[in-house]
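The values are calculated or read from the model by the stated rules, or taken from the named source; none is laboratory data. Just so it is clear, the model here is predicted, and its values are computed rather than measured. Note that we place each Cβ from the backbone using ideal geometry, even for glycine, and neighbour counts take in every protein chain shown. Surface areas here come from the heavy atoms of the whole protein model, side chains and all, with no ligands, DNA or RNA. Shrake-Rupley method; radii C 1.70, N 1.55, O 1.52, S 1.80 Å.
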Amino acid sequence: MATDVWFPCPSCDLMVTGRVREGHPHPEKHEVYSYTHCCLLCEKGLGHGDEWSCAGVPSALFRRVTVDGKAQHYLLHDPGEASESRPVLLFLHGAHTHIYPEFLWGDLRDLVKKNPVAREFIILAPFGSFGEAIATLSETKRKSDRFYNKVPNIKCFDPDKTWKFFMQALQELETRFDAARLHVTGYSMGGETTWALGNFFGSQMASIAPMAAVALWEEDSWGEEAKIAKELQGLALWAYACKWDFKAFSFDDMWYVSEKHGLQLEAAEESAVTAGEVVADVHTWSPRLSLSLLENTPTYHWAWTPVLHNEAEFGLFSKMLSVRCACPPDVACARVARYPASPPSPIGSG
């Protein structure tokens, strides 16, 4: 059977993840997934099932670029023409979507449906699944797929390839975006990469909003500390995590950034109640730097949905609209190497 990363459903307008064609234990049929269509009902000509049994995403939003010679697929939310160039959000999903890449469509759909401010952003949402250019698989950890086979778990989005993807996807938009208003958010694994992009390319972005994630400092980070500081010093950063999810936030990270912003280590703290039962303790160093710790979330790790869907209470996308990057990238010939605020010295200088 073919094992394409994605294939078109022959009976509707969805693109289907190739994971339904790979590794299944039942050669003839499966009780939940179709091997040839987006879902079993579509295969029978009976419409569509619920989102849990459909392995497809809308082809109208489905895009592809090439990163280092390998295909990278993504979803694009484009609100259309506007009187001025639009801000852009790079949206990075968590590790679970590696196994079920079609779930990324639910993340994007619900975000633009429930948040009217986010709806006006151009949103790029890349897939970090099997066969995608920016996904790095673990060499040791394995996880059960939808057919209960043990497959390599995902380790991370490769930050350098993710930045290359970002620049190439922006080129596809031509002139409809504002390069001074590039923003990144991601949750869990995607939040870790959000931190990494800030550390490596922050001088060319307006803001980052890591959710349910700490910064994963590389072994040589101290050797590059001066360069990282230059990337962070002008970058707006709003972090979010669940209050009791101690592995998903770090005051040390926030204190480090506050120092690079020239702020005091001590933050002001206030509590704010969101829609429903969620309560957020907000630690604010400045309007451009804060850490919000949430309680009463669906799970101890699930910090992102309340923030993304409740703009009136959290105001994340309104804050994004309030900031701009002083040194935006020239996307057409963007410098892909890390630390653009610290360009290498010309050969023979010094």
**Q.** Residues being aromatic (F, W, Y) and open to solvent by less than 10 Å² (accessible area, probe 1.4 Å) - total across the stretch 224-257
**A.** 2
**Q.** Looking only at the stretch 141-175, and only at residues there that are at negative phi and of a type in the set (D, E), the one that is modelled with the lowest pLDDT
**A.** D145
Q: Go through (1) of a type in the set (G, A, S); (2) surrounded by fewer than 17 Cβ atoms within 10 Å (Cβ to Cβ); (3) over 24 Å from the mean Cα position of the chain (by Cα) and name the single condition S221 misses.
A: (3)
Q: Kindly state which helices (runs of 4 or more DSSP H) lie completely within the stretch 24-128 and contain at least 1 residues that are of a type in the set (F, W, Y).
A: 103-114
Q: Identify the single condition in (1) in a loop (DSSP other than H, G, I, E, B); (2) open to solvent by 40 Å² or more (accessible area, probe 1.4 Å); (3) in contact (Cβ under 8 Å) with a residue 60 or more places away in the chain; (4) over 22 Å from R119 (Cβ atoms) that R324 does not satisfy, given that it satisfies every other one.
A: (4)
Q | Residue that is most open to solvent (accessible area, probe 1.4 Å), among those in the stretch 54-91 that are out of contact with any Cys (no Cβ under 9 Å at 6 or more places or on another chain) and of a type in the set (S, T, Y) | A | S83
Q) Within the stretch 8-23, is even one residue outside any loop (DSSP other than H, G, I, E, B), under 24 Å from Y148 (Cα atoms), touching a Lys or Arg at 6+ places or on another chain (Cβ under 8 Å) and of a type in the set (K, R)? A) yes
Q: Consider G94 carefully, then state whether it is under 18 Å from the mean Cα position of the chain (by Cα), surrounded by fewer than 20 Cβ atoms within 10 Å (Cβ to Cβ) and among the small types (G, A, S).
A: no
Q) Out of the stretch 141-198, which residues are among the charged types (D, E, K, R), part of a helix (DSSP H, G or I) and either in contact (Cβ under 8 Å) with a residue 60 or more places away in the chain or open to solvent by less than 10 Å² (accessible area, probe 1.4 Å) (or both)? A) D160, K161, K164, E172
Q. What do you reckon, is A215 touching a Phe, Trp or Tyr at 6+ places or on another chain (Cβ under 8 Å), open to solvent by less than 60 Å² (accessible area, probe 1.4 Å) and part of a strand (DSSP E or B)?
A. no
Q. Is it the case that some residue within the stretch 58-77 is among the hydroxyl-bearing types (S, T, Y), out of contact with any strand residue (DSSP E or B) (no Cβ under 9 Å at 6 or more places or on another chain) and touching a residue at least 24 places away in the same chain (Cβ under 8 Å)?
A. no
Q) Got at least one residue in the stretch 3-21 being open to solvent by 20 Å² or more (accessible area, probe 1.4 Å), β-branched (V, I, T) and under 20 Å from the mean Cα position of the chain (by Cα)? A) yes
**Q.** Among residues of the stretch 127-140, those that are crowded, with 21+ Cβ neighbours inside 10 Å and either more than 29 Å from M320 (Cα to Cα) or touching a residue at least 60 places away in the same chain (Cβ under 8 Å) (or both), counted
**A.** 5
Q.
in a loop (DSSP other than H, G, I, E, B) and among the polar types (S, T, N, Q): is that true of S138 in this structure?
A. no
Q) From the residues in the stretch 104-115 that are closer than 22 Å to R19 by Cβ and without any contact (Cβ under 8 Å) to a residue 24 or more places away in the chain, which one is least open to solvent (accessible area, probe 1.4 Å)? A) D107
(Q) Just to be sure I understand, how many residues within the stretch 260-298 are open to solvent by 60 Å² or more (accessible area, probe 1.4 Å), on the phi < 0 side of the Ramachandran plot, part of a loop (DSSP other than H, G, I, E, B) and in contact (Cβ under 8 Å) with a residue 12 or more places away in the chain? (A) 4
